[in-house]
Protein chains: 4
Amino acid sequence: MTGTPHRRGADRTESIMRTTLELGQEIGYARLSIEAVAARAGASKQTIYRRWSSKGALLLDSLLSMNGPRLDYPDTGDIVADLRTQIHAAVDLLARPPFAPLFKALIGEAQHDPQVAAALNERFITPQADKTVTRLKTARDQGQLSPAFDLDLAMAILSGPLYFQLLITQEQLTHEYVDRILDALFAGMGPRPHTPTSHARPPSPSVPPA
Amino acid sequence: MTGTPHRRGADRTESIMRTTLELGQEIGYARLSIEAVAARAGASKQTIYRRWSSKGALLLDSLLSMNGPRLDYPDTGDIVADLRTQIHAAVDLLARPPFAPLFKALIGEAQHDPQVAAALNERFITPQADKTVTRLKTARDQGQLSPAFDLDLAMAILSGPLYFQLLITQEQLTHEYVDRILDALFAGMGPRPHTPTSHARPPSPSVPPA
Amino acid sequence: MTGTPHRRGADRTESIMRTTLELGQEIGYARLSIEAVAARAGASKQTIYRRWSSKGALLLDSLLSMNGPRLDYPDTGDIVADLRTQIHAAVDLLARPPFAPLFKALIGEAQHDPQVAAALNERFITPQADKTVTRLKTARDQGQLSPAFDLDLAMAILSGPLYFQLLITQEQLTHEYVDRILDALFAGMGPRPHTPTSHARPPSPSVPPA
Amino acid sequence: MTGTPHRRGADRTESIMRTTLELGQEIGYARLSIEAVAARAGASKQTIYRRWSSKGALLLDSLLSMNGPRLDYPDTGDIVADLRTQIHAAVDLLARPPFAPLFKALIGEAQHDPQVAAALNERFITPQADKTVTRLKTARDQGQLSPAFDLDLAMAILSGPLYFQLLITQEQLTHEYVDRILDALFAGMGPRPHTPTSHARPPSPSVPPA
DNA sequence: ATCTAATCGAGACGGTACGTCCCGTCTTCTT
DNA sequence: AAGAAGACGGGACGTACCGTCTCGATTAGAT
C-alpha cells in the first residue's frame, strides 16, 4: 500500500512540473535527472516520458506553468517608462534567483535541441515580442518613436543587450543597467547635437520636437 | 627547456583538440563524448582529463585553437564601415557552419558551468570587447560617435542583438541583418527630425579633425 | 505469484552464471572481468551488480549452481571405502579441469575477501563437513573408527592434505594419492605393530552388520 | 631537488620490499598497487618493474626477506615435542597478524599465477618440507614413528590440516588446535585398543606394547 | 455494482558514458 | 648508468541515467 493512491492526469502532470522546478533549483539543471524527478514526485519514469519527450521539454513546460506575474505591458502614455516597467518585471522574474539558473539552462538546452528552441520561441519569445511590437506601434503613432525605426528589429535591439548580460558576461542584471541601456538605445550611437533624452525621468510631456 | 610540457605533450594536445572539432561537427556537441574523442584521437581518457576538466573546457580550447581569421578591427576612418566589416567577419566565422553549432553549444554549456562561462569571457568576450571599445574611442574622438554614448555598454548594445538572433530566435544571421541593426543603433529609437544617417554610404567627411 | 522475482529475472541470473563459468574456463579467473561477462551474456553491468556484489560472489554462485554430481556419502558399511568413494568424486569434480582452476581461484579470492570466505564456508564447506561427520559417527558406533578420534577435527585431517596438494604444491591430485592419504591417516603416524589396514582393498567384511 | 639523493641497487631493493610489507599490512594485498608502493618508497615504477615481474613476485620476495625467526627444527629426541615446537613457531609467524593476511594473500595469488606458485614452493614450501622429512627420518630410525609411515606424505598430512584451518575455515589457529591435530595424527583414525598416546607428555619410551 | 480498459508506481533491463584507478611501457631530465 | 618523475595507451572498475519494457495494483467509466 502506497501512501497516496494513484492520482491521474492533470494531477500528476502538475506535481511532476512542480517537482522539476523544486529539484532544478536545488541541484541545478545539469544534474537534474528524470530519474530523480520521478523518484521525488513519486511518479514512475513512464508517466514522465508519456508526457514529455525530453528533459528540456519538461523544464520548458515547468517554467511556463509558473504563471508568474504576467509580463504584460502597461500603457501610461510614456513608451520609455512603460518599457522600463515591463523590462524591470521581466528581469526580476527571469534574471534573478530562483528562476534565472533554470531559465538560462533552458536557453542553453535550446542550443542543441531544436525542439526546445522551437517551443521556447513559439510559446514564450514570440508572444512577448508581439506584445512589445504592439506597444511600440502605439508609441510610434504618438510620435514617441522614430518613424524610421524598424519594428522588426525591436526585440533584438531591446532584449539583445539584456540577454547578452544574462547569458554571456553573466554579470548581475540590475534595473539601473536596464535604464542605461534604454537611454542609450533611444539616444542612438550616432553623433548629433546632444538633445538630452528625458526618458530616464518620470513621463514628461512627450513629443515636443520644435 | 622549451616551455612546452614535452614535444609529445603538445602533439597530443593538438590532435585531441582537432579531433574534438571534427567529431563535434559530425555528431554535434550533445552527443560528443570524451570517450569518443579519446577513441578517435587514439588517446586515453586520462590524457584528456589530465588537460581539461570538462567537455566544455575541451571545446572552448578547441575552438580558440582554431586561430581562425583574426577578428581585428580595421581603421579606415569610418567607424560604421569598420564595425560592419568586423562584425561581418565575426558572423561569418561564428554564426555559420561549421562552427556555429559548436559555438552555440559552448555558450549553452556556459549556462550551467561557471568555469566555462568565466573562461569564455576571459579568453574571448573581454578581449573582443576591448578591441571594440578601443576602436570606438577613436571614433568618438573624431566626432563619429555621440559624445554621450556610454562605451561600457558598447558590447552589449552592438553584440546583444546578434547573440539574440543566434541563440534565441535561431534565425539565420545575414550580413544584411547586421547592417540593419547597425543603422538602427546609430540612428537611435527616439523621435527626432529624421536626419538620415549617412552610414550606409561610403565614409563621408564627418567632422574633420581640427 | 511465483516466488521468483520474475521469469526474466531468473533467466538472466542463470545465463550470467553460465557465461561466467564458460568465460572463466576460457581465460581464467584473473583475467575474467565483469565487463566481459556482461558483454558475452548480453546483459548490462548493472544487471550483474544488482545480483552480486563482487566477482568472487558471482563465481561462487556460478560454481554452486552447477549442481554437479551430488557429493553425498554412500553407506556401504565400510567407512574407508565410503570415504574413498566420496573423496574420489569430490576430487574428480573440483581438482580437475574444467573446474579446478575456478575452484582454486575462488579459494584464492577468499583470502582477501571475507564475504567470499564466509559464503564459501557457509554454503559449501560446512555442509560438506556435516555430511562427513554424520557418516563418521555411524562408523564410530560400528567400531570402525577409533573411539578417541575427535570428530571436530575430521574435516581438517581428511581434507587438509588434499587442499594442501591442490593449493600449495599444486601437483596432480590422483585417486591413488587419495588412497595413500587415507591409509596413512587410519594407520596413524605413531609407532605400533604394523597391523596392515585392509582399507586399500575392496570392502572386507569388517565388523559385520548386526 | 628531492630530499634524498638517488640510492642504488640493494638499497633500493630493500626499501621497496620494506614499503611493500608496510603498505600491504595497512591496506591489504588486494588494494596494494605497485603504483602506491613506488610512491611511498620514493621509487619510480620502472625501478620496481626492473626487479620484479609481478605484484605476487614482489610480495613473495618481501615476505621471504623478513628473515624472521628461522623455522628450523630442534632435536630434543622427542619427535612429537619437536614438531610441536616447530609448528607453533610457524603458526606464530605466518598464521597471525601482521603477516598472516599477506601470507594468505600470497597463497591466494599462487592460485592464478603459476610463477608465484612455483617460486613459493621452491623457495619456501620445499625447503621446509625437506627439514621436516629429515627430522622425521631421524625419529623413524629411533622408533618414534611407524615404520610404515610414508614420509612423502608427511608435509601434506602434517601441514594440510593447518592450511585448511588457515585458508578455508579461516578460524583462529591456536597452539591448542595444533596439539590436538598432532595427537590425532599420531594416534590414527582407525579402531584399535585405545592405547592413550603419550605425546602430550614428555618423551616416553616409545616402542610398542607387546 | 461490476467489470474492463486505461493508467499508474515500481523497477528490471540493455545500453552508453562517466570519471577513476592502475597496469606496464615509454621518454625526459637529474644525479 | 641508474634512477625519479610522470606521460602515455589501454582496460576495467563501479555508478548514474537513459529510454524501453514488463508487472501487478488502482481507478474510472461503461455496462
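Every number in this text was worked out from the coordinates using simple rules, so none of it is lab data. Keep in mind the model is a prediction, meaning the values are calculated, not measured. In this analysis, Cβ positions are derived from the backbone assuming ideal geometry, glycine residues included, and neighbour counts consider all displayed protein chains.
Tabulated data for the structure shown
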item	result
Solution diffusion estimate, µm²/s, Stokes-Einstein, the range B:109-160, Kirkwood Rh from C-alpha pairs, 25 °C, viscosity 0.890 mPa s	201
Label spacing, shortest first and in nm, from A:Asp179 to its equivalents in the remaining copies (7 angstrom along Cα→Cβ)	3.8, 9.7, 10.8
Shielding by other protein chains, A:161-173, mean Cβ within 10 Å	6
GNM top mover of B:Leu102, B:Leu153, B:Leu145 - chain B, alpha-carbon springs below 10 Å	B:Leu153
Cross-link reach list, aspartates and glutamates versus D:Lys45, counting only Cα pairs under 13 Å and skipping chain neighbours closer than eight places	D:Glu35
Test item: D:100-108 mean partner chain Cβ contacts at 10 Å	3
Label distances, nm, A:Gly28 versus same residue in remaining copies, Cβ-directed 7 Å point	2.4, 3.4, 4.6
Computed label-point distance, nm, for sites D:Gln25 and D:Thr134 using a 7 Å Cα→Cβ extension	3.0
Of D:His112, D:His175, D:His88, the one that fluctuates the most in a GNM where chain D has Cα springs shorter than 10 Å	D:His112
Volume of the Cα convex hull of chain B, divided per residue and given in Å³	153
Spacing of the two label points (7 Å from each Cα toward its C-beta) at D:Met66 and B:Ser44, in nm	3.3
Kirkwood hydrodynamic radius (C-alpha pairs) into Stokes-Einstein, the range B:7-64, 10 °C and 1.306 mPa s, D in µm²/s	145
Too-long pairs where the Cα-Cα distance tops 18 Å, listed order kept, from B:Lys55/B:Lys131; D:Lys55/D:Lys104; A:Lys104/B:Lys131	B:Lys55/B:Lys131; A:Lys104/B:Lys131
Between the range B:78-103 and the range B:113-184, the alpha-carbon center distance in angstrom	11
The range A:79-187: radius of gyration and largest Cα-Cα distance (Dmax), Å	14.4, 42
Rounded to 10°, Cα long-axis angle of helix B:55-64 versus longest principal axis of chain B	60
Residue-averaged beta-carbon neighbours from other chains (10 angstrom radius) around A:112-119	3
Cα convex hull of the protein assembly as shown, projected area averaged across orientations, nm²	52.1
Restricting the range D:120-184 to GluC sites (Glu not before Pro) in coil, as DSSP defines it, with at most 15 other Cβ within 10 Å	D:Glu171
Estimated vicinal HN-Hα couplings, Hz - the range A:11-27 in sequence order (Karplus 6.51, -1.76, 1.60; Gly, Pro = x)	3, 5, 3, 5, 6, 5, 5, 4, 4, 4, 5, 4, 5, x, 5, 6, 10
Percent RCO, i.e. relative contact order, over chain A, from Cα pairs under 8 Å lying at least 6 residues apart	19
B from C by rotation - nearest chain C beta carbon to the axis, in Å	C:Glu35, 7
Ranked A:Ser159, A:Ser53, criterion: other C-beta atoms within 10 Å, fewest first	A:Ser53, A:Ser159
Using a 7 Å Cα-to-Cβ projection, C:Lys45 label spacings across copies, nm, ascending	0.7, 1.7, 2.0
Tilt relative to chain B, helix B:79-94 - C-alpha long axis, 0 to 90 degrees, to 10	20
Radius ratio Rg over Rh of the range C:136-187, counting only Cα atoms, Kirkwood formula for Rh	1.04
Over chain C: helical MRE at 222 nm, DSSP H runs n ≥ 4 each giving -39500 (n - 2.57), nearest 500	-17500 deg cm²/dmol
Acute angle (nearest 10 degrees) that the helix D:175-187 long axis makes with the longest principal axis of chain D, alpha-carbon atoms	40
For the range D:86-131, Kirkwood radius (reciprocal of mean inverse C-alpha pair distance, Å)	11.2
